[in-house]
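To keep things clear, I will list the structure first and then write my remarks on it.
The values are calculated or read from the model by the stated rules, or taken from the named source; none is laboratory data. Bear in mind that the values here come from a model prediction, so they are computed numbers and not experimental data. With ideal geometry, Cβ positions are generated from the backbone for all residues, glycine too; neighbour counts draw on all protein chains shown. Ligands, DNA and RNA are stripped out before the accessible areas are found, and what is left, the full protein with its side chains, is counted by its heavy atoms. Shrake-Rupley method; radii C 1.70, N 1.55, O 1.52, S 1.80 Å.
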Amino acid sequence: MRPDHSDRGSAVDDVPAPSRPARADHRELGRAMHIFATDALAGAGLPLWLPAGAVIRAELERLAKDLAHADGCVDVYSPVLGKRALFERSGHLAKFADDMFPPMPLGEEEVMLRPANCPHHALIYAATRHSYRELPIRLNELAPMFRAERSGVLSGLTRVRQISLDDTHVFCRPDQVAAEAAQALRTALRAQSILGLPVDHVRLSLRDDGDGWLGTAEQWEAAQVALSEAAAGVLAGHDLELVAVPGEAAFYGPKLDLQVRDDRGHEESIATVQLDFNQPERFDLTYDGADGERHRVVMIHRGTVGSMERVTASLLERHNGRLPLWLSPVQVAILPVGDAQDGPAHALRDELAGRGLRVQVVPDGSLGARIRRSREQRDAIIAVVGAAEAARGAVQVTDVAAGFQGVVPVAELCAVLADARDRRLALVPWGSAQPTRASSELSATVEHHMR
């Protein structure tokens, strides 16, 4: 159903944890770094991802897929449109009609943009008959869904009308619920750790005594106990509190929400694990049991990385635009001091690009202006090639995030950066590099313009 809404003259031996910068506005950073744009002709709440933003989004999508595949999820694709009858069957039209785009006539039928991906995934599961021995089945899709948000609440990437969600739906037996919920929670916590987005606490969202909850009291009690026990087991290895909140459950089942808090104290959910009594009943989702009878499957909605729009906004603000190397649109900006260093600069670009790194040679303009522009654009690594450095097969490296400045041999630079990228490290571990002595004049110039 519908998801809820981080200068030295040598390498450092111990890489410090990234300090939290002052709160920034992702909309301002998005403009300054050319991450996304909006245009009245495209429409409000429909951001345009520019090339730099497309890099960030592609890396997030790759992370989401890597985590999903590591957990045994399989990929599916489904259409963004569905017949009105599909959303009547799922219950979305009855519960969320005000948040959905209106039906579009198509011959004698009506079709609608989907507000969630689960109805289509229910149909995919139902397309094949399943045995109890096949379960669990985990269907993953990084898929768009749509909300008819009012103009007054739209904001940058945080409130949009098309949401690209890392979405998994697990179909399992009742006896598998606790293990699947625990695995989903572990993976969601790992995703936020890789992204450097600290979780404040995990909320166990329960039903209250009101009306409107689907399913029996027995189903709810068993599901709430299963989620509570699964979360307690996972959180035993984390310094996080499990907070039970009655009345915050989805109408179709209880859930675990990973909660974050911004500098203003505002709290929001960034990932979720939800049990669903609604879809299996409405779509008659079953499996063949060991007894030869048909049994109702349990459906779990699992969000790991989250929506590409919201997580990008959170990352920009959390890191003040200076993203970790693996996410940075420009991972290495190479600045030759003069024409004589163009050859070594392009050779370095080719070597780094051959390792799969995103590299840009910036040859024109004064060195000071190029350094300042690269810093303002939050390029991850600034590599200056002077005459002395070129002669030694080295470069003057500045990494603002890690607080590192030093002259590093080209071979060391390539190895260290490729390793940090491959491991999706928050900071480049320059302690493994072997810096050499910098030319005092070039070092002073770089330091001056990096201030």
Exercise for review: Report the residues of the range 65-82 in range of a label on Met104: point 7 Å along Cα→C-beta, backbone N strictly under 16 Å from it.
Suggested key: 79-82
Check your understanding: Relative to the Cα centre, what is the charge dipole magnitude of the range 26-80, using +1 at the beta carbon of each Lys and Arg, -1 at the beta carbon of each Asp and Glu, and rounding to the nearest 20 debye?
Key -> 180 debye
Practice item. Tell me what the chain gives for mean residue ellipticity at 222 nm when only DSSP H runs of n ≥ 4 count, each as -39,500 (n - 2.57), the sum divided by the residue total, rounded to 500 deg cm²/dmol. Key: -10500 deg cm²/dmol
Practice item. Find the relative contact order for the range 136-244 and round it to a whole percent, using C-alpha pairs within less than 8 Å whose residues are 6+ positions apart. Key: 27 percent
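Given an 8 Å cut-off on Cα distances and at least 6 residues of separation, report the relative contact order of the range 234-299 as a percent. Present the calculation step by step, with values, prior to reporting the outcome.
Numbers: 71 pairs, mean separation 14.6, N = 66.
Here the relative contact order equals 22 percent.
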Study note, to complete from the structure: Semi-axes a, b, c in Å (a largest) for the range 228-301, each sqrt of 5 times a Cα gyration tensor eigenvalue, come to 32, 16, 9
Review point. Got the relative contact order for the range 35-95 handy, in percent, Cα pairs under 8 Å and 6 or more residues apart?
Key: 19 percent
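Hey, could you get me the Stokes-Einstein D for the chain, Kirkwood radius over alpha-carbon pairs, 37 °C and 0.692 mPa s, rounded to whole µm² s⁻¹?
Details: Rh = 24.1 Å.
Rounded to a whole number, D works out at 136 µm²/s.
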Check your understanding: Once the whole set of protein chains is in place, how much accessible area is left on Ser205, using a 1.4 Å probe, in Å² to the nearest 10?
Key -> 0 Å²
Revision key, fill the gap. As a Kirkwood estimate from alpha-carbon pairs, the range 153-215 has a hydrodynamic radius in angstrom of 15.4 Å
Review point. Heavy-atom accessible area of Glu376 with all protein chains present, probe 1.4 Å, nearest 10 Å²?
Key: 120 Å²
Check your understanding: Per the 1.4 Å probe, what fraction of the accessible area of the range 30-159, in percent, lies on carbon and sulfur atoms?
Key -> 57 percent
Practice item. Could you tell me the convex hull volume per residue, in Å³, taken over the Cα atoms of the range 256-404? Key: 194 Å³
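Treating only the Cβ of Lys, Arg, Asp and Glu as charged (+1, +1, -1, -1), what charge dipole size does the range 252-317 show about its Cα centre? Round to the nearest 20 debye.
Values: 8 positive and 13 negative charges, 1 e Å.
Charge dipole of the range 252-317: 0 debye, to the nearest 20.
Could you check how much of the accessible area of the range 267-338 is carbon and sulfur, as a whole percent, using a 1.4 Å probe? Let's see the in-between values first.
On the way: 760 of 1770 Å².
Reported share for carbon and sulfur atoms: 43 percent.
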Review point. When ligands, DNA and RNA are left out and all protein chains stay put, how many square angstrom of accessible area per residue does the chain have with a 1.4 Å probe?
Key: 44 Å²
